[in-house]
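Here the structure comes first, spelled out in structure tokens, and everything after it is commentary.
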Amino acid sequence: MNKIVNINQILSQITDGMTIGIGGWGARRKPMSIIRAICKSDLKDLTIVTYGGPDVGLLCSAKKVKKLIFGFVSLDIIPLDSHFRKARQAGEIKELMEIDEGMLQWGLRAAAMRLPFLPTRVGFGTDVLGKNKEIKLVKSPYDDGEELIAMPAINLDVSLLHVNTADEKGNTLIYGPDPFFDDLFARAAKQTFVSAEQIIKTSEFKKAEVAVYNHFERNLVHGVFHSEGGAHPTSCDPNYGIDIAHLKEYSQASDSFDDYYKKFINISNNEYLDAVGGMSHVNSISKTIF
Amino acid sequence: MSTSSTTLAELCISIAAKAWQKDGEILATGIGLIPRLAVGLSKLHFNKDLLMTDGEAFLIDQPISLGQKIPISSAEGLMTYSRVFDLLWSGHRHAMVSPTQIDKYAQMNISCIGEYQNPKVQLLGVRGFPGNSICHKNSVFIPNHTKKVFVENEVDMVSSLGFNNNTYKPNIGVVVTNLCVFDFNGNKNSLRLLSIHPGVSLDEIEENTGFEFEIFSESISEIPTKTELKLIRNILDPSGIRENIFGAKK
């Protein structure tokens, strides 16, 4: 079994109008090399589901987003994403499902469990209900009879994740202390593609101490893309931290996206790494202290 | 930074730190610079039983100094986002947050300002506010007390539950601003003045608040003790980053 793919093989599995889940959180462990490839593709009208960071901003500026299902968009160290803000303030994102970050988890978990919804009280008393007319209520069938919010399953066509290490069979390791909700993204999707800092032989996974960093099964993974520095400018703990200098440049580029696009997107992945200072630079970015 | 007289930042940190004093063994989360320092001071001085995180993924036994350049070397537990959600849904947390807008019902907004489909100002999104507000206690820190924050009408995008809901009620702790201290324990959970910061007048507070509030006390806010100041200045924020929060204004 060999699931190693190149970027074009991943893109060939994505079509206009699909619902795409993106792993990571804010400016942390985002599959940015795949996101940049989508930005320069002809794909359009995507529904993006994410704990949002610069993945959302880039896809907005590249006009790929029809609908956004999200709780927030933040660059962590820089609280707000200028590209996302610009798109929102211009009314460019036609459909929104803005929900509590825990409701997002619930929607992914419902999809992962092949359930139509999961109940919660989260959302009552807020505009999350008013703005999302598709979210319905459900009454507990037990004696309490409590009325609850039925958070609908968020079923994904494709999930895109970035991990530290993978093998050709689709086994993955996330060495950072927080795997975020990557496991649920993988389970909620029909197909999952991972980019990985390094590809190793399956025999190198054999240590049980290492296997604790494996958060979801290989049969959920349909393709493995070797992409060193693939999360840059977001972090990939412990390999590298958030490239704050680059995120500042990115933030300033919301009004001059064509320049940023030429300089950092409309080039090959190797050219991108050269443009940001090479892997020696990326690997030298120290861990972000919050 | 003056080493003798107390600054506004230090005053706010000291008052805010007392928010968790009687909370026992719960997770204290301070979002933003002053709330985060307040959690640190609370942990060191007012409530040693508090759980706190490094702001990323670990529970830590001692606060991290602001501006510290090396990662933490020891943790007392793991607190991934998944576990934060699990924990907060059962109510074992008290956060301090800084909404962009707050109204007379204690509804808060961090999502966007203006028309929803085409907002004038896009902010963060509702983030965890809906869940936090229905599940656990929240205190508030407002660094720029104006009518833009304490809005006359309801907030533009209701991100957190307020007292106007018929079924659920929020649990609001203290509301610390750059001018004064409030809570929401007035008649029918109205905003209530508890103390006024040194050098601030009641008129100034009224002029900068978009709705009426009760006056429980016009006493002057309690300034930090020498011990508290020492912890803030020497341990929690030795490089004085806290003073940037109010800019040149105060």
Distance-filtered residues of the range A:138-172 - backbone nitrogen under 16 Å, label point 7 angstrom along residue A:114 Cα→Cβ
A:153-156
So what are the three principal axis dimensions of the range A:173-235 from its Cα atoms, in whole Å, longest to shortest?
28, 26, 22
Top of B:200, B:151, B:97 by mean-square fluctuation, Gaussian network on chain B, Cα under 10 Å
B:200
Taking the mean number of other Cβ atoms within 10 Å as a proxy for protection, how do you rank B:169-180, A:184-195 from highest to lowest?
A:184-195, B:169-180
Give me the tail of P(r) for chain A as a percent: Cα-Cα pairs with distance above 27 Å.
39 percent
How large is ³J(HN,Hα), in whole Hz, for each residue of the range A:77-85 in order, when computed from phi with the Karplus curve 6.51 cos²θ - 1.76 cosθ + 1.60 and θ = phi - 60°, using x for Gly and Pro?
5, 9, x, 10, 9, 5, 5, 4, 4
Roughly how far apart, in whole Å, are the Cα centres of the range B:48-115 and the range B:22-36?
7 Å
Cα-Cα pairs above 28 Å in the range A:93-231: how many percent?
32 percent
Using θ = phi - 60° and Karplus 6.51 cos²θ - 1.76 cosθ + 1.60, couplings along the range B:148-156 (whole Hz; Gly, Pro as x):
5, 8, 7, 7, 5, 9, 5, 4, 5
Built amide H within the under 5 Å cut-off of residue B:155, gap 5+
B:103
Amide H contacts under 5 Å for residue B:53, placed H, 5+ residues apart
B:60
Rounded to whole Å and sorted largest first, what semi-axes of the equivalent ellipsoid does the C-alpha gyration tensor of the protein assembly as shown yield via the square root of 5 times each eigenvalue?
39, 26, 23
Mind giving me the FRET efficiency for residue B:152 and residue B:215? R0 is 22 Å, r the Cβ-Cβ distance, nearest 0.05 is fine.
0.70
So how far apart, in nm, are the two label points at residue B:202 and residue B:48 if each is 7 Å from Cα heading toward Cβ?
4.2 nm
Nonlocal amide H pairs with residue B:220, under 5 Å, H built at 1.01 Å
B:196
Apply the Karplus parameterisation 6.51 cos²θ - 1.76 cosθ + 1.60, with θ equal to phi minus 60°, to every residue of the range A:56-66 and state each ³J(HN,Hα) to the nearest whole Hz, in sequence, with x for glycine and proline.
5, x, 5, 5, 5, 5, 8, 6, 9, 9, 8
Using a 10 Å cut-off around each Cβ of peptide B:129-138, what is the average number of partner chain Cβ atoms that fall inside?
6
Once you put a point 7 Å from the Cα of residue A:226 and another 7 Å from the Cα of residue B:116, both along the Cβ direction, what distance in nm separates them?
4.8 nm
Rounded to the nearest 5, the percent of DSSP beta bridges in the protein assembly as shown running antiparallel is 35 percent
Between residue A:217 and residue A:63, how many nm apart are label points set 7 Å from Cα along the C-beta direction?
4.3 nm
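Taken together, the values in this text are just the output of simple stated rules run on the coordinates, not laboratory data. Small disclaimer: the values here were computed from a predicted structure and weren't measured. Using ideal geometry, Cβ is built from the backbone for each residue, glycine included, and neighbour counts are taken over all protein chains shown.
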